[in-house]
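Coordinate-derived values only; no laboratory data. Just so you know, these numbers come straight off a predicted model, no measurement behind them. Cβ: placed from backbone, ideal geometry, glycine included. Neighbour counts: every protein chain shown.
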Amino acid sequence: MKLTVLAVLTILCYFGVPQISAIAVMSVDLGSEWMKVGIVSPGVPMEIALNVESKRKSPAVISFRDNIRLFGEDAAAIGVKYPQKSFSYLLDLLGKSIDHPLVKLYQKRFPYYNIVPDTERGTIRFKLDEETYFSPEELVAQILVKAKEFAEHGAQQPIKECVLTVPGYFNQVERKALLQAGELAGLKVLQLINDYTAVSLNYGIFRSKTFNETTQYVMFYDMGAYSTSAVLIGYQSIKTKERGYPETHPQATVLGVGFDRTLGGLEIQLRLRDYLGKKFNEMKKTKTDVFTNPRAMAKLFKEAGRVKNVLSANAEHIAQVEGLLDDKDFKLVVKREEMEDLCKDLFERVKGPVEIALKTAHLTMDVVSQVVLVGAGTRVPKVQEVLQKYVKQDLAKNLNTDEAATMGAVYRAAELSTGFKVAKFITKDAVIYPVQVTFERPTEEGSIKQVKRTLFSLMNPYPSKKIITFNKYTSDFSFNVNYAELDYLRPEEIRYLGSTNLSEFQLTGVSEALNKNSGKNVETKGIKAHFQMNESGLLNLLNVELIVEKTILPEDEEEGTLSKIGSTFSKLFGGEEKPAEEKPTPETPAEKPAEDKEDKPQEQPAEEKEPVKQDKEDAKPKNETQKNETDTVKDSKPKVGTFKEPIKSTEHVLTIHPLDKKQLAESAEKIRKLNKLEADIRRRETSMNNLESFVIDIQTKLDEEDYKAAGKAEEVAKIRQACDEVSNWLYEDGVDADTETYEKKLDELHSLTKELFSKVWEHRERPEAIKALDTMLNYSSNFLDNAKNLTKKANPQKDVYTDIEIETLHKLIVDTKQWKEKSVKEQDKLEKSDPIKLTVKMLMDKMAALDREVKYLVSKLKMWKPKKVEKPVTEKADNSSDSGKKEESRTTDTKDDVVIDVGGEEQEAEVTDGATDAKPVEDEHLEL
């Protein structure tokens, strides 16, 4: 897989930017049950970050017990014993009120949680104890903090930027809540990408070469733990001109989406859990009802999940739990048919998302070339059977169902990051909740009329911008933004969406703006509100402005010109300039108002540009302008200028309020304290483990011959005694010691054993260091013998080195040999326990001195150029009229390849003097 990624995806790092200390980016596929983390870092194009257990996915679970916070597998294990202190399936609780249907369903599924309302924001909180509360945003943020740790460990550098996957059915409130969770985790969220869009991107980058101008339709069917979705994607190659020249890029367009928020593996697991609990009660092993015991239900839930997975590949399996309730064991044979009977109504809903996806895309299954399975829930045989019967084609299983969304999101993260370049792959998402603007307007009869205008319709591609024009208002007014008709959804899905009213916008300063831009030849074009649906699927009001057009007559323009001239003369002759009134600058209209379609939104390109109005004469050549000055009387057409006046807008949120600055700061501080507490606990455990392992290591090494010989008897005995004391202390009083105590005792042992360890290391490494010095001496001697032939005395034509340089190297070699022989003899006379006289550092210093001297001489040889040789002028007899003329002297071009043998390795230096008009003499090749 990695080789294929490298073949398809080219990611180039900008290593030449020194101010960028960390350019790695990450993606997080935060599902309801599992979490996967992807990373892109220099040298690793796309990879899954491993957790502490070296696994590629982690349970999205967090638990609290005895001031200890745990994640993943550890938190899930705590959840079996203390289910009320372990939190999971949190994603669908973001942005929900206490009376929301999904919150009610969550309380029904997991009755042991204490969920209370947050009256300040209108959302919910988990009550851990009398003083500790956590909002869903805070819990999700802490899981993202752990994801960040996994990514940084895999990339070996800090990471701040990420792309988060989000269920495609998430509404505006849920998306904002997830963004705030990322902010609390200390992450810069580059984009929220819909999970099915990330999957389609991952699918497309490996098949981009197969796409052409003809659209290929592929459906992705994703059944996860909590929900199910089906999306119809159109793949094709399109031509763009973003850089000024045509380019062809692959594109994936979301054409149709269908989903079921409560159809998933979790519901199957819950029904199997309740079935096992019912069977246990029927066995009457105890008088206590198993459904009243949270710990027993948590055990059954875990076992139901295991049995469900096994039954996907086997016809039957044994469910068993030791000590389920009142120390009574439970064991039961469960058949696949029994599980399918429990979930018969669920399997009838399998085809629902496909029907909605085709309906919203206005297509049929005939055009779909493939139905690709995604998500662990699609491994259930009955799901595949029902789905295949409906789509009437084989189901494709050629996609990594666990990691496809993660890898697609990390590709997008690399594209958005400034530290990487990726092959461009365009994605066009689609709006699945239509958005409309509603406002009230008085009629001619005096009544109030409510007007609705669709802003973003169903399957409207985004990111995109829209403009809606209000041209009947002369004073301050307000309008609402809410969801439009949702008839294509099931009634349950509409209830799960929550409040359909999003925001109310109050516009102020309208009458002032109109009065400021009134007068003759002025026509109001209405108040325009600019909306944007960005890459994350969030709706924003960018700005509101009043648009007016003013007709400028020729005489007005002439009068304006004379006024400017008069102002200039008054400046020249010391007149005081009066302050000019500020007027809006005229601009060309950015869009053409629709006269017959009042208050209707107009689509605007993603990159809207509004060029400034310029006179036509300014755009003409100078000579042409001068020529046309004589025709100004004839050319008397009025000019129209467009003016814009900003209007202030205030938003009032009509749904769950996001965390304000104060609440964000309080939540961030709460998470910071938990992070610090966890870091302190980790540091204490690490220091204790380091001390314990060091004591064991010393006690083992003291029995080795090398350590016995290197230490004096009293020294070894002192170290043994210290180790025994620390070991006894660790298993008695040291169990509850703090971090500083562990680290202090470790430092004391390091100081006590430093000299002994140093001696052992010196005795082990010295022989290799001596061999290395001997090799360097041999190389230097060989080089010296060859270099002696490159002096002026030995070879006048090859006078590379001076006598002093040769003598300096010779003396260094002789002194080093003498020092080595003397030092080795002195060291050999000593006992291994005596202080070291010949250290490895001394030997390395001598080698470094030789190396510097030889490198200097080699560099000089490479830079040396032979002197130019001039031949005497020759005269030749000539029978022609030019006889007696002298031939001009010519310089020769010398080119020498000088090869010096240094310890058996050849180093070549090619030297050319650069003469171009010379007759070269025969090349010389000197072998020394």
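See the values below:
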item: Flagged links, alpha-carbon separation over 28 Å, of 85/744; 701/820; 104/284; 36/85; 712/744; 754/855; result: 85/744; 701/820; 104/284; 754/855
item: Within segment 777-822, trypsin sites (Lys or Arg not before Pro) in DSSP loop having at most 14 other beta-carbon neighbours inside 10 Å; result: 792, 793
item: By average C-beta atoms within 10 angstrom, highest first, the peptides 101-108, 400-407; result: 400-407, 101-108
item: Ranked 149, 137, 444, criterion: other C-beta atoms within 10 Å, fewest first; result: 444, 149, 137
item: Nonlocal amide H pairs with residue 252, under 5 Å, H built at 1.01 Å; result: 426, 427, 428
item: Which of 505, 757, 87 has the fewest Cβ neighbours within 10 Å, and the rest in rising order; result: 757, 505, 87
item: Whole-Å distance, taken between Cα centres, linking segment 112-168 and segment 17-94; result: 11 Å
item: Restricting segment 670-712 to GluC sites (Glu not before Pro) in coil, as DSSP defines it, with at most 12 other Cβ within 10 Å; result: 704
item: Overall form of segment 660-863 per C-alpha gyration tensor (a/c, 1.5; a/b vs b/c); result: oblate
item: For segment 722-794 versus segment 361-388, the gap between their alpha-carbon centres in whole angstrom; result: 64 Å
item: Amide H within-cut-off set for residue 503, under 5 Å, with H built and near neighbours excluded; result: 481, 654
item: Segments 428-434, 827-833, 852-858 sorted - mean Cβ within 10 Å per residue, highest first; result: 428-434, 852-858, 827-833
item: Residues 770, 48, sorted so that the one with the fewest Cβ neighbours within 10 Å comes first; result: 770, 48
item: Which listed pairs, of 308/351; 96/673; 146/176; 96/421, have C-alpha distances above 32 Å, in listed order; result: 96/421
item: Segment 25-64: GluC sites (Glu not before Pro) in DSSP coil with no more than 12 other Cβ atoms inside 10 Å; result: 53
item: Residue 314-residue 344 FRET efficiency (beta carbon distance; Förster radius 30 Å; 0.05 resolution); result: 0.90
